[in-house]
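Bear in mind that the values in this text are calculations on the coordinates, not laboratory data. If you're wondering where the values come from, they're calculated on a predicted model, not measured in any experiment. In this analysis, Cβ positions are derived from the backbone assuming ideal geometry, glycine residues included, and neighbour counts consider all displayed protein chains.
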């Protein structure tokens, strides 16, 4: 019997089930629009004849107009362009940090589940230790550390994008535990299956078994976990930026836009409402999409919910 015949049949109809999920489909459309608008901000700015950095002190907190569809902020910058630029940063942080955390968690989960024994015990106790720490206070403490005192090159610390890289690294280092546990559980259930036994019998090296046979069959929980993590990361980044510990000006993000608007909320409430609404919409959309992917990739989940 060939090894291919021993592998689990691929999931069929997952995309059809996803399309039938109204909340997931709506979330995909919303996220696609957000991504296109935010990463296409230069084109929008060229069409409007403005950008996110142009200051007009004679046009402070102006109401919406043809030149400024959402008005201007506290120093006369176009609010729409600021929201799009801030969205590009917030979404980049969310996707990059979630992908990094997922990669770390996948590697740890694969190693723990396949090797078992001492390696499994050590890696899972490490995961338990990270899980036991309160996540948001831990992120605040790590973000408050002065990077100049850690031995990093001064030119790197003083670079404009360093705060973005730092937030991605911090969240990736503490956000891998859920993926690691999911992957470990999937590998534990798969490693005794016939197609894995056939791979071992053919003398394939562990690395080939891990990445060619186990990883593709554990992809569903990884994809769902990563999608849900993106929404959480956007929320964490917004909180850290609001507290002044995340993305630092002049780089805009939805979180630090809220920080800049908090003293003006009684005068210009839309400066806080717009970034708050976008944070809410993005987080909810990623969570609905994650739930939809879980139902689509595992029809039993939908049956249990029904």
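Couple of notes before you dig in:
- Taking Cα atoms only, the orientation of helix 117-132 departs from the longest principal axis of the chain by about 30 degrees.
- Stretch gain in nm, segment residue 132-residue 201, where the contour uses 0.36 nm per residue and the Cα spacing is subtracted: 20.8 nm
- Taking Cα atoms only, the orientation of helix 135-144 departs from the longest principal axis of the chain by about 60 degrees.
- Estimated [θ] at 222 nm from DSSP helical runs (n ≥ 4, -39500 (n - 2.57)) normalised by residues in the chain, nearest 500: -21500 deg cm²/dmol
- Annotation for segment 28-94 versus segment 145-221: alpha-carbon center distance of 35 Å.
- Nearest-0.05 FRET efficiency for residue 219 and residue 67, computed from C-beta distance (R0 45 Å): 0.40
- FRET efficiency for residue 263 and residue 19, using Cβ-Cβ distance with R0 set to 45 Å, rounded to 0.05: 0.50
- Taking 7 Å steps out from each Cα toward its Cβ at residue 26 and residue 281 produces label points 1.3 nm apart.
- In degrees, nearest ten, helix 270-297 long axis to first principal axis of the chain (Cα): 20 degrees
- Spacing of the modelled spin labels on residue 208 and residue 46, each 7 Å from Cα toward Cβ, amounts to 4.9 nm.
- Two-decimal ratio, segment 208-306, of alpha-carbon radius of gyration to 2.2 N^0.38 Å: 1.47
- A Förster radius of 25 Å combined with the Cβ-Cβ distance from residue 119 to residue 149 puts the calculated FRET efficiency at roughly 0.15.
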